[in-house]
C-alpha cells in the first residue's frame with residue numbers, strides 16, 4: 001500500500017511519541033518525532049509536512065506558542081494538539097488559535113486516526129477553496145479587461161457610424177442627427193458597463209462569485225450597429 005502524508009509528532013514524552021508513531025505507521029502514514037518545540041519549528045521550516053501532532057505541555061516552549069509560530073511558518077499546516085484531561089480549556093484555546101483539533105490523553109488508536117483524517121481532509125478542502133477563489137479572481141480581472149475593451153470598441157463603432165466624437169460630459173447637448181433611439185441605447189449601455197464593473201468589484205471584495213447579470217442592452221446593440229459579435233462582453 002502507498003504511504004500517505006508525512007506527520008510530525010511533537011512531545012517531550014518518549015513513550016507518547018512511540019505510541020503515536022505506532023498508530024500512524026499502522027495506518028501507513030510517514031512519521032517523524034521530536035522532543036522539543038525548537039526542533040519542531042526547525043523541521044516545519046525545512047520539510048514538507050502535512051500535519052503536526054503537538055503536545056500542549058512541552059519542556060521548552062508552551063504548546064500555544066509553538067502552534068502560533070508553526071502557523072506563521074506554514075499557514076496551511078494542520079496542527080492537532082494533545083492535552084491532559086484537565087486541560088480541555090487549553091484545547092479550546094488552541095482551536096481558536098488555528099489548531100484543527102485536539103486529542104485528550106490517554107491516547108486511543110481510533111480517536112487519533114479519526115482526528116488525523118479529519119484534519120487532513122479539512123486542510124485539503126481549505127486549500128482547494130483558496131485555489132478556486134484565486135482562479136475566480138483571475139477570471140474576474142480578465143472579464144473586467146474584456147468589458148473595458150468592449151466598451152472602447154463600442155464607442156469606436158458609434159463614432160465611425162455617426163461621425164460624432166463623444167462629448168466629455170453627458171450634460172453637453174448631443175448633435176441632433178443622433179436619433180433618440182440611438183442616444184437612449186448609448187446611455188443604457190454606459191449604465192450597463194457601470195453595473196457590471198460594480199458587480200465585479202463586489203464579487204472580488206466579498207469573495208462572493210455567485211452574482212449573475214443579464215445584459216439586456218446587447219440585442220439593441222446588435223440591431224443599431226449591425227454587429228455580428230454575438231460574444232461581445
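Observations
- Restricting attention to the stretch 6-69, close to 10% of DSSP beta bridges with both partner residues there are antiparallel.
- Global geometry of the stretch 1-41, whether rounded, prolate or oblate, following the gyration tensor of its Cα atoms and the 1.5 cut on a/c: oblate
- Shape of the stretch 14-87, Cα gyration tensor, a/c cut at 1.5: oblate
- Fully extended contour minus Cα-Cα distance, from residue 96 to residue 137, at 0.36 nm per residue: 11.9 nm
- Where labels lie 7 Å past Cα in the beta-carbon direction, separation of residue 118 and residue 31 in nm: 2.0 nm
- Whether the stretch 1-142 is rounded, prolate or oblate, judged on the alpha carbon gyration tensor where a/c under 1.5 counts as rounded: prolate
Quick note: the coordinates plus some simple rules give every number you see, no bench work behind them. Computed from a predicted model, the values in this text were never measured in an experiment. Please note: Cβ atoms are built from the backbone with ideal geometry, for glycine as well, and neighbour counts cover all protein chains shown.
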